[in-house]
Protein chains: 2
Amino acid sequence: MKNHTETHTSHTRVPVSECSLAKAIRAVGDTWSLLILREVICGAERFDQIREDLGITRSVLSNRLARLVQEGILERYQYRDSGQRARKGYALTAKGHALFPVVIALREWGGEHLEPGNTPLRLQLQTRDGLRVETKLIREDGLEVTDMTDIIATVKE
Amino acid sequence: MKNHTETHTSHTRVPVSECSLAKAIRAVGDTWSLLILREVICGAERFDQIREDLGITRSVLSNRLARLVQEGILERYQYRDSGQRARKGYALTAKGHALFPVVIALREWGGEHLEPGNTPLRLQLQTRDGLRVETKLIREDGLEVTDMTDIIATVKE
DNA sequence: ACCCTGAGTCTTTATTAAAGACTCAGGTGG
DNA sequence: CCACCTGAGTCTTTAATAAAGACTCAGGGT
């Protein structure tokens, strides 16, 4: 436990009910939703495929998928592999795709702070022509922020 | 429900137990942890302050804080406001600060996709000298990715 | 010495998730 | 055409988590 006596920053109060960040966390920040999005991003589009990969129960998966569809993050579609019967799948909508920065940032954080050192296979997020994609924090003036302790929360009005 | 017959991308299988992204989601992707981090970022460092802001119960807050400290995302410290008794607070560690890209990306997504139009007060994340900070997806070659549908998941080895 | 407050723990009740049996519709094979 | 398989769920029961709120305990203040 560090022991600092410097004046600490004052509390920026934005009620949870009016905060975009809190709403976003409420929308996708639960135990399963982000993992389901990961599955869809990885190309698991069928119910049972997602269920097997995640080890989630049918009822919970059913609920979460319905919620994600209802929130406009996922959408359902039908497809048919040649010689197979028609099946239903889930795919990202534009709103769902807009979560990529969140997912990629999480992936980066996990890779840098949760791996014991030598991790075998790492999920990679890249463009279709194979270029790696990463998140950067860019200031209004175009410069990159590297020191996170320089960032603070304020209330804009 | 759209009805596409184009060949869908194949499934990129990375077991959840070996995936940095899944681990990151496991670590902070639950109902309360991210909201608690939001509080700390906003300067709410005391137990009861966080509890009041979030409406979380004491026992759950206690558990989550302990977990976040144990995971090295938060740390405890003591401080004393002038004329007040010493108190304990929670602050982000370097590992916790490294989650800023995730938080900022969530904040952006919430602001763009969850707000009904005219939202009164919006939490702003900026540098100490008042410059707004935003996340960008940058490709290996330095160009920004604007079309999210161009991003796919692969397994790197 | 007594009281207040911050920072919890403990106990009871309500919600949510897990496990796994059951349903139902669209095809497939005979 | 009929029986059967499979994907995509629902339903029921049991276990785990969270909510509500009383209780504890230590450090100051008066």
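Counting only Cβ charges, +1 for Lys and Arg and -1 for Asp and Glu, the dipole size of the range A:16-150 around its Cα centre is about 960 debye.
The relative contact order of chain B comes to 16 percent, based on Cα pairs under 8 Å that sit 6 or more residues apart. For the protein assembly as shown, a crude dipole built from +1 on the beta carbon of Lys and Arg and -1 on the beta carbon of Asp and Glu, taken about the Cα centre, is about 1160 debye to the nearest 20. Considering only B:114, B:59, B:149, and ranking their Cα positions along the charge dipole of chain B that arises from unit charges at the beta-carbon of Lys, Arg, Asp and Glu, the one farthest toward the positive end is B:59. Shape class of the range A:27-84 from the Cα gyration tensor (axes a ≥ b ≥ c, square roots of the eigenvalues): prolate, since a/c reaches 1.5 or more and a/b is larger than b/c. Residue by residue, the range B:78-91 carries 3J(HN,Hα) couplings of 10, 8, 9, 6, 4, x, 10, 6, 5, 10, 9, x, 10, 9 Hz when phi is fed to the Karplus relation 6.51 cos²θ - 1.76 cosθ + 1.60 (θ = phi - 60°); x denotes Gly or Pro. Mean projected area of the convex hull spanned by the Cα atoms of the protein assembly as shown, taken over all viewing directions: 18.0 nm².
Keeping all protein chains in place and using 1.4 angstrom, which order do A:156, B:95 fall into by accessible surface area, from largest down?
A:156, B:95
Report summary: the helix-based calculation at 222 nm, which adds -39500 (n - 2.57) for every DSSP H run with n ≥ 4 and divides by the residues of chain B, gives -10500 deg cm²/dmol.
Take residue B:156, move 7 Å from Cα toward the beta carbon, and the resulting point lies 3.2 nm from the same point in each other copy, nearest first. Shown for residue B:52: label points 7 Å from Cα along the beta-carbon vector, and their distances to the equivalent points in the other copies, 5.3 nm in ascending order. Remark on chain A: ratio of C-alpha radius of gyration to 2.2 N^0.38 Å is 1.31. Counting Lys and Arg as +1 and Asp and Glu as -1 over every other residue whose Cβ lies under 14 Å from the Cβ of residue A:156, the net charge comes to -2.
Express the Stokes-Einstein translational diffusion coefficient of the range A:81-157 in µm² s⁻¹, to the nearest whole number, given a Kirkwood radius over alpha-carbon pairs, 20 °C and a viscosity of 1.002 mPa s. Approximately 130 µm²/s, per Stokes-Einstein. Distances between copies at residue B:86, taken between label points 7 Å from Cα along the C-beta direction, are 7.1 nm in increasing order.
The values are calculated or read from the model by the stated rules, or taken from the named source; none is laboratory data. Only a predicted model underlies this, so the values are computations on that prediction, with no experimental measurement involved. Positions of Cβ are backbone-derived with ideal geometry, glycine not excepted, and every protein chain shown enters the neighbour counts. For the accessible areas, the whole protein counts, side chains as well, though only heavy atoms, and no ligand, DNA or RNA atoms are used. Shrake-Rupley method; radii C 1.70, N 1.55, O 1.52, S 1.80 Å.
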